[in-house]
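A.B. asks: This is the structure, below, for whatever I ask next.
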Amino acid sequence: MANVPSDLKYAKTHEWVRVSGNVATVGITDYAQHELTDVVFVELPEVGRRIKAGDPCAVVESVKTANDIYSPVSGEITEVNQAVVANPALVNSEPYAGGWFYKIRLSNPAELNALLAPEQYQAQIGGA
Amino acid sequence: MKRTPLYAVHQRLGGKLIEFGGWEMPVQYTSITDEHLTVREAAGLFDISHMGEVLISGPGAEAFLNQILTNDLRKLLAGQGQYTLMCNERGGVIDDLYAYRLTADEYLLMINASRIEADVAWLEAQLAAFPRRSEVKLQNASDATGALAVQGPRVVEFITHCFPGASTGGTIVARVTDLKKNQIAPFAWAGNALWISRTGYTGEDGFEVVAPGQRIEAIWNQLLAAGQPHGLKPAGLGARDTLRTEVCYPLYGHELDENTTPIEAGLGFFVALDKGEFVGRSVLAEQKAKGPVKKLVAFKMTDRSAPPRPHYAIWSAGPGAAKIGEVTSGTQSPSLGIGIGMGYVPPAFAHANTPVEIEIRGQRAPAVLVPKPIYRKPD
């Protein structure tokens, strides 16, 4: 059973968002890392880049595939997780903790309302 | 999609099932990296029942096969096999395979799963035109036959628990671990005859077991039980691919296809130009003499990068850099921790230590050509 923490919001494309004030932290879900299997490379956006919700902003590569990560929210990248660049396996072992990708200062917090609640995301991924 | 006799086992073991060459096969059970490293350090068990088995027998079998395969079958004693290729008239590869002489007049061809139909059609057409065809019997046994590969340095610790005793023909050995590389022999197992060869596709010591399809599940279960205390784990197609890429074994559809010759692929060692006439011989002889227009090379990324993958462009390095070829196989190497791969380039570039660049999602990343194999076991 994939882990779906109750304090996060989710995108249909399997990204999670943790909000703290006006800054959101973004990563990929336990379901996503399980589908990908061994993550061998992560490419993160540059700090300072402005992105819009839905933009591809990062890439996660497993042994078998390369996958775009779409930003669930718009804003400016304030921090990226170098630990996951140095040790891509963190995405598999700690998708919600050490495997986070970037922090973003929200330019349009109302977008959070369009994201999925944990129960909705759980329903999307089924009993997986 | 077709399923092997082990489909239920793969599900029970939590195998992640994908489509491969028309078959529903496990790409992994736990993780590709873990399964790969387990094969290098202990042992891995692979379902290879999707591969094809063709039996060719009769007094005309040797002559028939020797004029459609590139390697020289006459070198084989009973109970011996060889890597070989089957080419079309242009020298292009129809398949790469293992040919075993089981007894004086009986041969087993182990062929790629994705090429079973093409190979059998070619073999039947060639046989129909063979003057001594009444002396040759050809049987496609693929549907009724299954196979397993058990590979890794610790296989020798437990394989005799599953297959005790001497061989019952072929290469006569007192125990299965006495088989030398490329040797094959029949062994009795639970009242059935099965074939065991000391061969594999991983670069590790190991064996391949060929048995009737309905016995394969029981053999798998017994091997897994015997091997688990010695570190044996099931391994899927993902690890099979990373293992063979590290040792630069070709995969049909990547390094080999009907428009690529064994000479271009660096497999001239398996082409016996002086054995007499065989399909494709004149083209291959000319290529060997004049040199091919493209050559298969191996490369290693020189910096941390996203993994190189099939079809990514290979560029020359330095001023005047241009696209010179394409990656045929590529991956993050679990054993080396860096991106590796193979691809075709013009002969002028095909030298070890030549710097190149691999175009990965729009950006060129530095790499260097290396001798094959890319991964060598530490002594």
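A short reminder: the numbers here are calculations on the coordinates, not readings from a lab. Fair warning: this is a prediction, and the values are worked out from it, not measured in the lab. Every residue, glycine among them, receives a Cβ derived from its backbone with ideal geometry; neighbour counts consider all protein chains shown.
A.B. asks: Can you list the residues, at least 5 places off or on another chain, whose amide H is less than 5 Å from the amide H of B:Ala365, using H built in the peptide plane?
C.D. replies: Those qualifying (amide H under 5 Å, at least 5 residues apart or on another chain) are B:Ile358, B:Glu359, B:Ile360.
A.B. asks: Considering every residue in B:331-338, what mean count of other chain Cβ atoms within 10 Å of its Cβ is obtained?
C.D. replies: Mean partner-chain Cβ count within 10 Å for B:331-338: 2.
A.B. asks: Further, regarding this structure: What does the charge add up to near A:Ala89, with Lys and Arg as +1, Asp and Glu as -1, over the other residues with Cβ less than 13 Å from its Cβ?
C.D. replies: -4
A.B. asks: Within a 10 angstrom radius of the beta carbon, how do B:Arg154, A:Arg49, B:Arg376 rank from fewest other beta carbons to most?
C.D. replies: If I rank by nearby Cβ atoms, fewest first, I get B:Arg376, A:Arg49, B:Arg154.
A.B. asks: Can you list the HN-Hα couplings for the stretch A:25-38, worked out from phi with the Karplus curve (6.51, -1.76, 1.60; θ = phi - 60°), rounded to whole Hz and with x for Gly and Pro?
C.D. replies: For the stretch A:25-38, the Karplus curve yields 9, 10, x, 10, 6, 4, 4, 5, 5, 5, 5, 5, 6, 3 Hz.
A.B. asks: In whole Hz and in residue order, list the ³J(HN,Hα) couplings for the stretch B:365-378 that follow from phi through the Karplus curve 6.51 cos²θ - 1.76 cosθ + 1.60, θ = phi - 60°; x for Gly and Pro.
C.D. replies: With coefficients 6.51, -1.76 and 1.60, one gets 10, x, 8, 9, 6, 10, x, 8, x, 6, 10, 10, 5, x Hz.
A.B. asks: Counting Lys and Arg as +1 and Asp and Glu as -1, what is the net charge of the other residues whose Cβ lies under 15 Å from the Cβ of B:Thr168?
C.D. replies: For residues surrounding B:Thr168, the net value is -1.
A.B. asks: How crowded by other chains is A:39-49, given as the mean number of beta carbons from other chains within 10 Å of each beta carbon?
C.D. replies: 2
A.B. asks: A further question on this structure: For a footprinting-style exposure proxy, rank B:His311, B:His254 by other Cβ within 10 Å, fewest first.
C.D. replies: So the ranking, lowest neighbour count to highest, is B:His311, B:His254.
A.B. asks: Sticking with this structure for a sec: By the scheme Lys and Arg +1, Asp and Glu -1, what is the net charge of all other residues having a beta-carbon under 10 Å from that of A:Thr29?
C.D. replies: Overall, the nearby charge balance is -3.
A.B. asks: Report relative contact order for chain A in percent, whole number only (criteria: Cα-Cα under 8 Å, sequence separation at least 6).
C.D. replies: 31 percent
A.B. asks: Once you average over the residues of A:58-68, how many Cβ atoms of partner chains fall within 10 Å of each Cβ?
C.D. replies: Average neighbour count from other chains, rounded to a whole number: 5.
A.B. asks: List the residues, sorted by chain then number, that are 5 or more residues from A:Val63 or on another chain and whose placed amide H is less than 5 Å from its amide H.
C.D. replies: A:Asp38, A:Val40
A.B. asks: Additional query: Could you tell me the relative contact order of the stretch B:96-143? Use alpha-carbon pairs under 8 Å, at least six residues apart, and round to a whole percent.
C.D. replies: Across the stretch B:96-143, relative contact order equals 23 percent.
A.B. asks: Please give every one of the lysines within straight-line cross-link reach of B:Lys288, meaning a C-alpha to C-alpha distance under 30 Å, and leave out same-chain neighbours fewer than 8 residues apart.
C.D. replies: B:Lys288 reaches B:Lys75, B:Lys181, B:Lys275, B:Lys300, B:Lys323, B:Lys372.
A.B. asks: For chain B, what does the helix formula give at 222 nm: sum of -39500 (n - 2.57) over DSSP H segments with n ≥ 4, over the residue count, nearest 500 deg cm²/dmol?
C.D. replies: The helix contribution divided over chain B gives -5500 deg cm²/dmol.
A.B. asks: Within a 10 angstrom radius of the beta carbon, how do B:Leu223, B:Leu108 rank from fewest other beta carbons to most?
C.D. replies: B:Leu108, B:Leu223
A.B. asks: Could you pull out every residue, at least 5 positions away or on a different chain, whose amide H is within less than 5 Å of the one on B:Thr260? Hs are placed 1.01 Å off N in the peptide plane, and Pro or chain starts have none.
C.D. replies: Answer set, sorted by chain and number: B:Val93.
A.B. asks: Right, here's the next one. Which whole-Hz couplings ³J(HN,Hα) result when phi for each residue of the stretch A:12-19 is put into the Karplus expression 6.51 cos²θ - 1.76 cosθ + 1.60, θ = phi - 60°, listed in order with x for Gly and Pro?
C.D. replies: Coupling constants for the stretch A:12-19: 4, 8, 6, 9, 10, 10, 10, 9 Hz.
A.B. asks: Tell me which trypsin sites (Lys or Arg not before Pro) from the stretch B:181-289 have a DSSP coil assignment and no more than 14 other beta carbons within 10 Å of their own.
C.D. replies: B:Lys181
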